[in-house]
Amino acid sequence: MSSIYLINLIINGLIEGMVIALPALALTLVLDISKFPNVTVGDTMSVGAYAALAFQSIGVPYFFLSVGGAMVVCMLISLATYYFVFRKLTRAPMVVNLLASVGLAFMMRSVLQLNVSSQPQTYDFPLVRAWNFSGIRILPTDLWVLLTTIVTLAIVFSIFRYTDLGRRLRAIADNPELARASAIRPKYPIFFLWCLFGALSALGGVLIASKSVLLPEFGWEFIIPAFSAVILGGIGNPVGAVLGAVIMGIASELSVAFVGPSYKITIAFAIMILVLLIRPAGLLGSPEKAR
Amino acid sequence: MDAYLISICIIAGIYALLAIGLNIQYGETGLINFGHVAYFAIGAYASAILAGKGVPVPLAMVLAGLVAALGAIPIGLAALRLKEDYFAIVTLGFAEAVRIFVQQEDWLTNGVQGIASIPPLFDSSTAPGYQNHLFAAVIVSVVICAMVAVALLQRSTFGRILRAIRENEVAVTALGKRTASFKVKVLMFGSFLGGVAGAFYAHFISYISPEQFIALVTFYVWMSIILGGVGSMKGALIGSLALVILLEGSRFIGDFLPGVSDVQMAHLRLGIIGLVLVVFSLYRPQGIFGRLD
Amino acid sequence: MSKNRRHMLAAAGLASLLALPLSSHAQAQNELLVGAMTPVTGAGAPYGGNMLKAMEIAAKEVNDAGGMAGRPLRLISEDTQTQPQAAVLAAKKLIEINKVQAILGTWASGVSLAVVPLTDAANLIQMNVSGAPALSTVDEKDLVWRFQATNDRFGRAFAEIAEKHGFKRPATMAFNNASGRGNTDGFIKAWEGKGGKVLANVVYEPNRPSYRSELQQVLATNPDVIVMGSYLPDTTIILREWFQSGAENAWIIPGWAANPELVEALGKEATEGVIAVDTVSNTDAESYKDLSERYREATGQQLADNVYAAMTYDMVVSLALAAHKAGPDATPQQISDQIRAVSNPEGEKVYSYAQGKQLLDEGKEINYEGASSRWDSDEYGDSDPHYCVHVIKDGKFDRIDTISLDK
């Protein structure tokens, strides 16, 4: 087993982790602030990916404009899910919110399936060969994925750490009653949160679809990996979500060399469980965050 | 026609056993188990494999439940250290690991090909033409027994401690009770029921394969207990029936909508189920039998 | 407790209410009711919707030609969701409530294996496109017809083709389900039976965004050809990643995965030289062109993109021809007994329902040549087709060879 082989596997893992990072980021924020796992992340990713495809096929120049359009579409959708459903369930137990999010996910998928072809589709990009550094292969498009994810993480992190908006959201996450009592009006920060959720999911969906294929049900398959990354990194920590995603990605791909492709997911979970045994709140999570 | 309704009844019974098991774990004790399908799978495969080796079916089913209960021990140990969401994902990971194990270890489970021709509970020599009716009767009896057992449990000291753990675990430990053993026992009991449900499933469907034991099954069981009202055993029963009626009933809607093509109908069905779930969450979040706290 | 009872009554009432109008829907004037169960949602969704539409086209063709011995044909469809337990309930509904006489179109092996015990117990005809070997023997009444070559046969055909093209160092990649692995296991068995060695056999999981690591594992052994047991979405991802890696081996891929849509998604350069293996269809016959046109009108897509749709079309037509021959009072078993008579080699070749009906009325023997394959079945009711070898050149599928496994 040559080191070049292993390095290639690590690079694969890094990129696979990076594409999960954005939905994980979306999930961790909502989980922390609204206190429930929002299962619509998967189908929002699908909708975002298809929206970008739709914009591309009607002739929008420059793919990033199509992606931007898709992000706006999903921002509106996520905001709508908050406004019409989750806002009314703020004081309901976690499982009721979870149930509602499953229902919304089904509805989104149903609309998607009624409007798009069930055949797999792809974005209209020319295929390029990978750069080959004496056996180590790196794809130009993967660098875009890396860049996009890191820049997005940096933006989200800065918002949460350095802006007033971010501070308010963190206050709401830590102690909703106290936040309410100290007149932190939650309306606008929460709207922002949900728009962010939609935008991140859409972007994540586009990145994944650009590497693979678009199918109406594809987003649903990524909920569990994204959720696992969130837990590994610690709920509520944006850097943790990305780190968790990358660690699980690299662990899965590296394991191919030793246990074969089918046990990949199991190894990733095993790593996660090991980390949790040592740090029960996740890598970067704060131990007092237990409901 | 009644044969179709009997099948619905059997499937509802299977989900009822799963739901009662999950309800003990979450409704009574507050443990968030997202891996319930793992015990369903263990029960189904254990019963199929044992029956295939000649063990009489009723015995195989009971043994299958016991094997599933044993499978709860590793999860129980994890529950000790982890808080809710973290525990939840570990249970999810365990369920996926079970599915992959079943898929990969051909020597035991026949892998992706699955196990076919699983012997039924009542073969054609007993009461020809009425096997399914008998099967339904057996499963309904088992569900009733389970509910009685749970009711006894709830009224006992054991049950009181479980509820106390859900409300305030720290206080319970402070009073000197070791919560760990309670949690493990509860998980084992719920998993036993899940395993028995799996065994019923295997002998009903007669063909099992790894792709049938996906996380979606766990979702459906959660939906049953939420629809019925978390914590209420009557709720678990009625919730399972409601779930099966929702899933199956939506199949018939197509017969009432003339303008919609069959392909569209299949997609619309998912949306209708989703809409029902959302409306339910908004207007009756406590479930049919739950109370608004 | 009264609330409980109210709810139970409501539930029971709802269930029976829903069922009532349907029992009255039942057979009008001796209709042949056929259950159409295809994977409209789930893993088979890329194929299932159009499989159903192809059956609807066939049903219309049959009724336009005057039905079968005076009986009209009516399809009642249900989605299998590519899940065995959903399929079982769907089948029970079709059998018990709608009282169909045949269930056609199941795709996933798991679904077919779950449904066949039900149709057999009710003495109904079942037709599927699944590959699992177990299906051949699970039917004891000769009521089950498989319109796709078993995985085993496909694998052997792949081995013949690989040998004929002079490949010496094959490796395989398989989608981790009964069908994908069946294909590659069939290939490996046949190849090793000829004394050869397969360099690597990598099985990959469904629904992953990337298969680079799996591909790397295969390419590390330096094969001259990679034989696939795959479907369209994963083939698209793998072939794209292969092209990006710069490797230069050949590919042998089943026709349902390597089709014009693959070329459209990946472009000419990446698909150049790919060998696609299909069962032979009579693509030059007028009837095929006519069917393609009708299919395109109904679905907006090419018939060549979905071999399963051609198979489900054949199911309905051959069932109809057998029903016509068996007469207006025939039971499903009697109709089933005529299927070989209308489709196996003795008799004049016919390519459409109307053609076949006419010749049957004249008292002649016919041999239905299907849109998906020559449709001849062996003693198990399994399709025994010829295999067509295409090479993708400049984005087009050039037929270069036909392989037969007949001894």
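Every number here is computed from the coordinates shown, using simple stated rules; none is lab data. No experiment lies behind these values; they were computed from the predicted model shown. Ideal geometry is used to build each Cβ from the backbone, glycine not excepted, and the neighbour counts take in all protein chains shown.
Values computed for the structure shown
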| read-out | value |
| --- | --- |
| Difference of contour (0.36 nm per residue) and Cα-Cα distance, C:Lys268 to C:Glu31 | 80.5 nm |
| Estimated distance in nm for a label pair at C:Arg399 and A:Val128, the labels positioned 7 Å out from Cα along Cα-to-Cβ | 4.1 nm |
| Those aspartates and glutamates that a straight Cα-Cα span of less than 14 Å connects to C:Lys396, excepting residues fewer than 8 apart in one chain | C:Glu261, C:Glu264, C:Glu269, C:Glu272, C:Asp305 |
| Relative contact order (%) - the stretch A:157-235, alpha-carbon pairs under 8 angstrom, separation at least six | 16 percent |
| B:Asp123/C:Thr137 FRET efficiency (R0 25 Å; Cβ-Cβ; nearest 0.05) | 0.85 |
| Whole-Å distance, taken between Cα centres, linking the stretch B:137-185 and the stretch C:284-361 | 62 Å |
| For the stretch C:46-65 and the stretch B:31-60, distance of Cα centres in Å | 40 Å |
| Kirkwood Rh, angstrom, the stretch A:114-220 [1 / mean 1/r, Cα pairs] | 17.2 Å |
| Stokes-Einstein D in µm²/s, Kirkwood radius over Cα pairs - the protein assembly as shown at 10 °C with 1.306 mPa s viscosity | 54 µm²/s |
| Amide H partners (placed H, <5 Å) of C:Val225, local residues excluded | C:Arg169, C:Ala171, C:Ala250 |
| Rough spin-label spacing in nm, given labels placed 7 Å along Cα→Cβ, for B:Leu70 and B:Val148 | 2.9 nm |
| Using alpha-carbon coordinates, inclination of helix C:45-64 to the longest axis of chain C, degrees | 50 degrees |
| Nearest-ten-degree value, helix C:2-24 long axis tilted from longest Cα axis of chain C | 90 degrees |
| Amide H contacts of C:Ile76 (H built 1.01 Å from N, under 5 Å, at least 5 apart or other chain) | C:Val34, C:Gly35, C:Ala36 |
| Euclidean distance of C-alpha centroids, the stretch B:69-131 and the stretch C:66-101, integer Å | 31 Å |
| Pairwise Cα inverse-distance average, inverted: Kirkwood Rh of chain C (Å) | 22.0 Å |
| FRET efficiency, 1/(1 + (r/R0)^6) with R0 25 Å, evaluated for A:Phe84 and A:Leu165 via beta carbons | 0.60 |
| Note, ³J(HN,Hα) from phi for the stretch C:159-165, Karplus 6.51, -1.76, 1.60, rounded to Hz, x at Gly and Pro | 5, 4, 5, 4, 5, 4, 8 |
| Chymotrypsin sites (Phe, Trp or Tyr not before Pro) restricted to DSSP loop in the stretch A:1-90 with at most 11 other C-beta within 10 Å | A:Tyr62 |
| Nonlocal amide H pairs with C:Ile366, under 5 Å, H built at 1.01 Å | C:Glu348 |
| Where trypsin sites (Lys or Arg not before Pro) fall in DSSP loop in the stretch C:148-239, at most 16 other Cβ within 10 Å | C:Lys168, C:Lys194, C:Lys197 |
| At most 16 other Cβ within 10 Å, DSSP loop - trypsin sites (Lys or Arg not before Pro), the stretch B:88-192 | B:Lys177, B:Arg178 |
| Value in Å of the Kirkwood radius, where the stretch B:2-214 supplies the Cα pairs that are averaged | 17.7 Å |
| Chain A: C-alpha pair distances exceeding 34 Å, % | 20 percent |
| Relative contact order, percent, chain A [alpha-carbon distance under 8 Å, six or more residues apart] | 37 percent |
| Whole-number Å³ per residue for the convex hull built on Cα positions in the stretch C:115-158 | 60 Å³ |
| Exposure proxy order (Cβ contacts within 10 Å, fewest to most) of B:Thr29, B:Thr179 | B:Thr179, B:Thr29 |
| Pair B:Ile253, C:Asp406: separation of 7 Å Cα→Cβ label points (nm) | 5.2 nm |
| Span-rule helices in chain A, defined as complete DSSP H runs reaching 18 Å or more along the axis (Cα) with Kyte mean at least 0.0 | A:3-34, A:40-57, A:63-84, A:94-115, A:140-162, A:187-211, A:238-259, A:264-278 |
| Counting DSSP beta bridges with both ends in chain C, the antiparallel % (nearest 5) | 30 percent |
| The stretch C:259-377 - charge dipole about Cα centre, Lys and Arg +1 at Cβ, Asp and Glu -1, debye rounded to 20 | 240 debye |
| Residue-averaged [θ]222 nm for the protein assembly as shown, counting only DSSP H segments that reach four residues, each worth -39500 (n - 2.57) | -20500 deg cm²/dmol |
| Exposed GluC sites (Glu not before Pro) absent - longest run of chain C, DSSP non-H/G/I/E/B, at most 11 other C-beta within 10 Å | C:1-139 |
